[in-house]
Protein chains: 2
Amino acid sequence: MDGSVKGWLVVAGLGPGAEDWVTPEVTAALAAATDVVGYLPYVARVAPRTGLTLHASDNRVELDRAAHALRMVGEGRRVVVVSSGDPGVFAMASAVFEAVETGPAAWRALDVRVLPGITAMLAAAARAGAPLGHDFCAINLSDNLKPWALVERRLRLAVQADFAMAFYNPRSVSRPQGFTRALAVLREECGAAGSPTRPVIFARAVSTPDETIRVVALSDAQPEMADMRTIVIVGSSLTRVIARDGGVPWIYTPRSAPPEVSA
Amino acid sequence: MDGSVKGWLVVAGLGPGAEDWVTPEVTAALAAATDVVGYLPYVARVAPRTGLTLHASDNRVELDRAAHALRMVGEGRRVVVVSSGDPGVFAMASAVFEAVETGPAAWRALDVRVLPGITAMLAAAARAGAPLGHDFCAINLSDNLKPWALVERRLRLAVQADFAMAFYNPRSVSRPQGFTRALAVLREECGAAGSPTRPVIFARAVSTPDETIRVVALSDAQPEMADMRTIVIVGSSLTRVIARDGGVPWIYTPRSAPPEVSA
């Protein structure tokens with residue numbers, strides 16, 4: 001390939017699944033790419049065409065995948081690294097920049113851009129109402145890449161800060177006990193009075209044919225209500241439940257907090 | 001209007017500004033609407049057409065605006081309430097559900113849907129690299145709708161939890177002192193050792209012609225670096241800065257945390 005050809009790397013978010021949640025910016029980047037790199041189920045969402053090479057890889061090889069993409073950019077190729085949701089939230093953008101930082105100095109001069117997408121918690125929140133309408137936090141519950149003690153500490157402080165919370169990767173097949181412990185920590189911090197009134201939303205496979213939305217009180221939440229395709233949202237102390245005849249209730253967190261909450 | 005006509009309400013996120021960040025789902029909803037309701041600068045982003053009535057209103061009348069939209073749906077109209085960014089993050093979705101909860105019981109039977117959008121913090125994060133790549137929180141720094149003591153408490157607990165942080169509405173003309181105090185609280189919690197190394201990103205008017213991205217250390221951050229068009233992102237203790245010759249550095253928060261962080 002001609003050395004004057006300028007390659008680029010785009011880290012793109014495909015959203016949670018629905019085609020009409022993919023931004024036009026991402027669609028245009030995919031149309032201009034020579035190579036698409038990513039985890040197999042996300043690469044499978046990109047339509048094959050002449051001139052486009054699809055490089056699908058397995059889970060947990062994020063740094064290798066990022067380095068592969070960066071090497072191709074150095075060769076003048078136009079590479080899109082695809083993530084589900086938003087690439088900056090528990091996804092490939094961090095891995096790409098980690099590979100840049102630890103890789104050859106020349107990689108810092110490459111044309112690298114991140115294209116935002118609809119992240120899973122906002123899709124889940126939209127289906128339920130507006131549970132993240134006031135201050136909130138997002139926690140990856142997997143202890144694959146961090147110690148469980150840090151997860152637990154963040155859960156306790158998040159309750160004390162009265163954040164609404166969104167949990168990614170709540171429960172894996174290999175470590176199912178993590179979410180059980182998370183629910184126990186939340187109940188302990190919220191107290192016997194708070195747990196029956198605090199809503200928990202289990203939003204599974206949002207915008208796919210398998211979508212389910214379930215709302216229960218924290219005191220009734222069970223670990224098996226979540227799997228790795230589920231986003232779990234826990235309300236703050238102010239989150240409201242609007243009952244509806246024969247339907248899933250609407251959940252929202254008000255925009256305002258009364259003075260006494262800060263005491 | 002025929003009583004059998006079924007109206008609907010869609011609360012739609014237009015993203016931070018760029019046309020190619022508006023999802024196809026939102027574009028389709030606007031094409032099917034009879035009425036668009038919202039804050040004036042957001043309604044101005046919707047192209048006028050025959051059969052579409054634009055209802056622009058001023059800031060701080062969110063509940064009136066929501067009630068107006070719900071009344072029109074009851075009359076069989078197809079109404080889109082527009083927000084900037086994502087409608088569920090410090091925007092109109094919470095106001096709509098608050099109006100539903102406090103309004104006539106019949107409103108609970110209406111067809112109300114929330115369509116997610118690219119929220120400002122994810123757009124800002126994408127421009128800077130991947131600063132929200134690990135656990136993080138989002139805080140609305142305006143004390144218009146909550147007491148300042150609650151803002152300050154959340155800031156302290158967020159540092160203790162070692163979250164990366166995104167701040168919406170950091171600094172208004174009428175209450176400029178809030179952000180000054182927020183920076184002081186963060187420096188106090190991060191300590192003299194932490195403040196010079198912790199990056200702060202000021203992302204202003206992302207995806208508009210006025211866009212600017214500035215990265216400074218927390219110890220060098222000044223209140224006047226932010227205004228109401230700015231999203232401020234503060235790294236966690238693990239957030240990395242990748243220096244680049246002649247350019248804004250890339251900022252990312254690694255996907256993993258070492259065991260000692262939890263101590």
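FYI, it's all coordinate maths here, none of it is from the lab. No experiment lies behind these values; they were computed from the predicted model shown. Counting neighbours? That spans all protein chains shown, and the Cβs are built from the backbone with ideal geometry, glycine included.
Here is how the numbers come out for the structure above:
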read-out	value
Percentage relative contact order, the range A:175-263, counting C-alpha pairs under 8 Å, at least six apart	24 percent
Electrostatic dipole magnitude of the protein assembly as shown [Cβ: Lys, Arg +1; Asp, Glu -1; Cα centre; debye, to 20]	180 debye
Semi-axis lengths, Å, the range B:8-118, gyration tensor of Cα atoms, sqrt of 5 times eigenvalues	20, 15, 13
Ascending count of other beta-carbon atoms within 10 Å, so fewest first, for A:Arg181, B:Arg198	A:Arg181, B:Arg198
Given charges at beta-carbon only (K, R positive; D, E negative), |dipole| of the range B:121-262 in Debye	180 debye
Computed over chain B, Kirkwood Rh from alpha-carbon pairs, angstrom	19.9 Å
Over the range A:76-135: Kirkwood hydrodynamic radius from C-alpha pairwise inverse distances, Å	13.6 Å
Phi to ³J(HN,Hα) by Karplus 6.51 cos²θ - 1.76 cosθ + 1.60 over the range B:35-40, Hz, x for Gly, Pro	9, 10, 10, x, 5, 3
Translational D in µm²/s for the range A:219-263 (Stokes-Einstein at 37 °C, 0.692 mPa s, Kirkwood Rh from C-alpha pairs)	248 µm²/s
Average partner coverage of A:11-22, which counts Cβ from other chains inside 10 Å	3
Whole-percent pair-distance distribution, where bins are 10 Å wide, for the alpha carbons of the range B:121-262	12, 46, 35, 7, 0
Antiparallel %, DSSP beta bridges [both residues in the range A:121-262], to 5	70 percent
Whole-Hz ³J(HN,Hα) from phi, Karplus 6.51 cos²θ - 1.76 cosθ + 1.60, for the range B:57-68, glycine and proline x	10, 7, 5, 6, 10, 4, 5, 4, 4, 5, 5, 4
Dipole of the range B:8-118 [Lys/Arg +1, Asp/Glu -1 at C-beta], most positive-end residue of B:Ala18, B:Val73, B:Ser57	B:Val73
Karplus 3J(HN,Hα) series, Hz, for the range B:74-79 with 6.51 cos²θ - 1.76 cosθ + 1.60 (x for Gly, Pro)	x, 8, x, 8, 9, 10
Free-standing Cys residues across the protein assembly as shown, given no other cysteine C-beta under 4.7 angstrom	A:Cys190, B:Cys190
Debye, to nearest 20: dipole size of the range A:167-251, +1 on Lys, Arg Cβ, -1 on Asp, Glu Cβ	120 debye
Projected-area average for the protein assembly as shown over all orientations - Cα convex hull basis, square nanometres	24.6 nm²
Peptide-level mean, for A:96-104, of C-beta atoms on other protein chains within 10 Å	4
Packing-based exposure ordering (other Cβ within 10 Å, fewest first) of A:Val151, B:Val79, B:Val61	B:Val61, A:Val151, B:Val79
Three-way shape label, the range A:49-193, alpha-carbon gyration tensor, a/c 1.5	prolate
Amide H contacts of A:Thr53 (H built 1.01 Å from N, under 5 Å, at least 5 apart or other chain)	A:Asp35, A:Val36
Packing-based exposure ordering (other Cβ within 10 Å, fewest first) of B:Glu62, A:Glu19	A:Glu19, B:Glu62
Long-range HN-HN contacts of A:Asp135 with modeled amide H, under 5 Å	B:Asn140
Peptide A:237-249 - average C-beta neighbours from other chains (10 Å radius)	2
Prolate/oblate/rounded call for the range B:33-88, Cα gyration tensor, a/c under 1.5 rounded	oblate
Rounded FRET efficiency, nearest 0.05, which uses the C-beta distance separating A:Ala28 from A:Thr53 and R0 of 22 Å	0.75
Antiparallel %, DSSP beta bridges [both residues in the protein assembly as shown], to 5	45 percent
Residue closest to axis [chain B; rotation mapping onto A; Cβ; Å]	B:Cys137, 2
